[in-house]
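First the structure, in the form of structure tokens, and then the observations on it.
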Amino acid sequence: MTDSSLPRPSPSLWASAWKDYRVWLASLAILLVLAVFDTSQAVESATFAVGALIRTAPYLILSIAIAAWAGATGADNLIAKAFTGAPLVMVLVGALAGGLSPFCSCGVIPLIAALLAMGVPLSAVMAFWLASPIMDPSMFVLTAGMLGAEFAIAKTLAAIGLGIFGGLVVHVLARGGALADPLREGVGNGGCGGSKIRAPKPPVWRFWQDAERRAKFAKVSVDTTLFLAKWLTLAFLIESLMLAWVPAETVTSVLGGQGLMPIATATLVGVPAYLNGYAALPLVGGLIEQGMAPGAGMAFLVAGGVTSIPAAMAVWALARPPVFALYIALSLSGAFAAGAMFQLWQLV
């Protein structure tokens, strides 16, 4: 058999492999470059990452268990109940659902498409849309473990508050006739995420009695473990370099202090610099240790979670430009307000 006759991996296979392993490859690349140019720092960074993973292991285990339980029992189907009733009630419940509920691996974008395609008011959808990337039960556990319970509670309130704020703004604008037909032409009805709205199923709490649900629990556990491990490993490596190379006085001068400027700066920096909700936690923790104002850290996490470049691209692909622009404006203004209020709380 000649080389030309050998089967070749399809482009889709290469794309899937790249998507699965790019974060691990980034971590490996960092260590290899360090090993070549600064061997001692390579050892320090690897040791730092391993130690940090061990310290956060209890929170990781609980976080993984919550995600697996939600997937196996079908608890995330409860989200369908959030979108019935009066518009203002739906805004409130949508914000609560977005800020507190776990979701399947299909992601929030297909679910948003389903809600809008089915005629759910944009105000309620926006409330859910803004709150959902910021906080969920797994994120709460990890945030409490890395940044403290007070920060985790405040971030949860920020998520819900941002959802309510955005939903009310959209409700007022929609009453004036604006924001009609929010979806781009050709967007479907939501795929697998949309099935939770079209045909919601009651949760099965005793999931261990069903072989298929036990298998789903195992699969979600493995998938969540790998997801968290790869992102946190990269985050801890970056944090180790940040602590080693970024002078504390630089962080303090740019993002420290008690004024509004550090919060505004962190809000804008969060858009391009945000990696991932879980990966951002240790980075913010390291910055706070170096002098970053807590309010700036809150603004960074809220703004980055909602308006990071990958998230913004997904929203752009789904919504018409006016809805996208409003989404970004609400995200940034809400993140700044959350940071300012958290900073004020720290001073009380």
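Any read-out appearing in this document is the output of simple, stated calculations on the displayed coordinates, not a laboratory observation. For clarity, every value in this text was computed on a predicted model and none was experimentally measured. Neighbour counts run over all protein chains shown; Cβ positions are idealised from the backbone, glycine included.
A few remarks follow.
- Using the average count of surrounding beta-carbon atoms within 10 Å as a protection proxy, the listed peptides 124-135, 140-151, 206-217 rank, highest first, as 124-135, 140-151, 206-217.
- You can think of it this way: the chain between Leu243 and Thr84 has 52.4 nm of extra reach, that is 0.36 nm per residue less the Cα-Cα gap.
- Calculated FRET efficiency for the pair Asp223/Leu31, C-beta based, R₀ 25 Å, to 0.05: 0.55
- Footprinting exposure proxy for Asp38, Asp181 (fewest neighbouring C-beta atoms within 10 Å first): Asp181, Asp38
- Estimated from the Cβ-Cβ distance and a Förster radius of 41 angstrom, the FRET efficiency linking Tyr21 and Ala325 is about 0.70.
- Summed side-chain charge close to Leu122 - residues other than Leu122 whose Cβ falls under 13 Å, Lys, Arg +1, Asp, Glu -1: +1
- Amide H to amide H distances under 5 Å link Ala319 with Arg184, where only residues 5 or more positions off or on other chains count and H is placed in the peptide plane.
- Virtual spin-label span in nm between Ala211 and Leu347, 7 Å along Cα→Cβ: 6.4
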